[in-house]
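In what follows, a structure is listed as structure tokens, so that the remarks can point back to it.
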Amino acid sequence: MSGSGGDPGSAKPGSTAITTEAAARRPILHLPLPERVAASLNDGIPVVQERLRDYASCRALFGRLGSDGAVKLNGASYYPASPEQERKYCGRGVSAVTTVGGSAVFLCRSFARLSGQQAAIILIHEALHLAGQTEYPASPEAPDSSAITEMVMTGCRLF
Ligand SMILES: [Zn+2]
């Protein structure tokens, strides 16, 4: 999802948004994550680590991009989505926003409602963007958000 693009009706709880706006690249260092968003993050990260450790098919999602999932996960910084990002991208199933090739992941307030497994799916999806995975419609040739999430669920055995 790009916030405005895509079919809102097809958005599912695993969807995320990509933004190319400068505002999204600027870390919001002075804002801590809301407590429940941080709790979901803390539940999800160990699941991601376990899946990357246990499943070659999960590591391969990063390998095909010439990247390493564990390195990308460790290099990611998590910030609360700004009010503007919340307004423009979050909602309708979108729970995180990131930039391709960046290191910052912006978590929507709705991220707080995810289970550890659901959070793990989103965290891997976002880490793939950090590793260079592009997404339709921002990149016309690329898979859309749902297709990337499906790859994550299948490759990392998260259902
Ligand atoms: Zn995405």
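Any read-out appearing in this document is the output of simple, stated calculations on the displayed coordinates, not a laboratory observation. Since we're looking at a predicted model, the values are computed, not measured. Every residue, glycine as well, gets a Cβ built from its backbone with ideal geometry; the counts of neighbours run over all protein chains shown.
Some notes on this structure:
- Under-5 Å amide H pairs with Y78, H placed in peptide plane, nonlocal only: V105
- Under 5 Å, built H, 5+ apart or other chain: amide partners of D144: Y136
- In terms of surrounding Cβ atoms within a 10 Å radius of their Cβ, L107, L158 rank from fewest to most as L158, L107.
- Listed values for segment 42-56 are Karplus-derived 3J(HN,Hα) couplings in whole Hz (6.51 cos²θ - 1.76 cosθ + 1.60, θ = phi - 60°), namely 5, 6, x, 4, x, 5, 4, 4, 5, 5, 5, 6, 8, 10, 4, and x replaces Gly and Pro.
- Distant-in-sequence amide contacts of A96, defined by a placed amide H-H separation under 5 Å and a gap of 5 or more residues or a different chain, comprise A17, C108.
- Working value for segment 17-159: equivalent-ellipsoid semi-axes of 21, 17, 14 Å, each the square root of 5 times a Cα gyration tensor eigenvalue, largest first.
- The phi-based Karplus calculation (6.51 cos²θ - 1.76 cosθ + 1.60; θ = phi - 60°) puts the 3J(HN,Hα) values of segment 75-89 at x, 7, 10, 10, 10, x, 4, 6, x, 5, 5, 4, 5, 8, 10 Hz, whole numbers, x for Gly and Pro.
- L128, L31, L65 arranged by Cβ crowding within 10 Å, fewest neighbours leading: L31, L65, L128
- The string of couplings for segment 112-119 from the Karplus curve (6.51, -1.76, 1.60, θ = phi - 60°) is 4, 8, 7, 6, x, 5, 5, 4 Hz, one whole number per residue in order, with x for Gly and Pro.
- Between D43 and R109, the simple spin-label model (points 7 angstrom out along Cα→Cβ) gives 1.9 nm.
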